[in-house]
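Shown next, in structure tokens, is the structure this report addresses.
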């Protein structure tokens with residue numbers, strides 16, 4: 001975010017059409033709200049499937065590797 005953008009966002013119109021000052025805290029609160037809204041959105045279905053597939057493949061690799069290690073270590 002550039003300084004110019006912040007400066008442009010510091011004024012809003014109030015009910016009678018005059019500028020009202022918007023504090024930096026209000027701007028920060030709005031940014032936090034937008035970030036929370038984005039964070040609460042669900043993942044796209046394709047990304048979810050790919051994530052689950054990758055995690056399950058890594059888990060199977062770990063299980064098979066542990067089985068091979070145990071077999072060689074204790075035999």
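Each value in this text was obtained by applying a stated rule to the coordinates, not by laboratory testing. None of these values were measured; they are calculated from a predicted model. A quick note on method: Cβ atoms are made from the backbone with ideal geometry, for glycine too, and the neighbour counts reach across all protein chains shown.
Could you calculate the contour length gain from residue 28 to residue 51, that is, 0.36 nm times the residue separation minus the distance between their Cα atoms, to one decimal place in nm? Don't skip to the answer; put the middle values down first.
Numbers: separation 23, 0.36 × 23 = 8.28 nm, distance 3.24 nm.
Using 0.36 nm per residue and subtracting the Cα-Cα distance, I get 5.0 nm.
Taking neighbour Cβ counts within 10 Å as the exposure measure, how do 56, 75 sort from fewest upward? Before the final figure, lay out each step's value.
Working: 56 10, 75 5.
With the fewest neighbours first, 56, 75 line up as 75, 56.
Quick check: pseudo-label points 7 Å beyond the Cα along Cα→Cβ at residue 43 and residue 73, how many nm apart are they?
Here the answer is 3.0 nm between the modelled labels.
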